[in-house]
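K.L.:
Next up is a structure, given as structure tokens.
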Amino acid sequence: MSQNGTERESWGPYPLILAGAAVGVLVIFVANPRWGGFALGAVIMVAAALRFAGYGGQLALRSRKVDVITLSVFGFVLVLTSLLLYNNELKALILSLFAP
């Protein structure tokens, strides 16, 4: 019984993150790419927060610092890209920040 408990702990939050990612991809294909991308980015940022809190399991591939930085940046870029998808005003605002 203790072996089953440690096996369950080794998975950690991985099934939750995997289910959220599957829902995000399903929303991209079925409903709206903008909201699906937002949901997928949010799930990845939740994975970063869980990894930062110490829940490793199958999410722990590298050191905690590298995992948190990688997941956070990727999730933030996905959320930002999904917000820019059909929003020309926000695109113009962000592009104006990089214009000389």
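The values are calculated or read from the model by the stated rules, or taken from the named source; none is laboratory data. Every value quoted in this text rests on a predicted model; they were computed, and no experiment measured them. Reconstructed Cβ throughout: ideal geometry from the backbone, glycine too, with neighbour counts over all protein chains shown.
K.L.:
I'd like to check which helices (runs of 4 or more DSSP H) are fully inside the chain and have at least 3 residues that are hydrophobic (A, V, I, L, M, F, W, C) and at pLDDT 90 or above.
P.N.:
14-30, 33-52, 64-84
K.L.:
A further question follows. Hey, among the residues in the range 67-97 that are of a type in the set (Val, Ile, Thr) and under 15 Å from the mean Cα position of the chain (by Cα), which one's nearest to PRO13 (Cα to Cα)?
P.N.:
VAL68
K.L.:
Right, next: Condition first: under 22 Å from THR70 (Cα atoms) and touching a helix residue (DSSP H, G or I) at 6+ places or on another chain (Cβ under 8 Å). Now tell me which residues in the range 20-33 satisfy that.
P.N.:
GLY20, ALA21, VAL23, GLY24, VAL25
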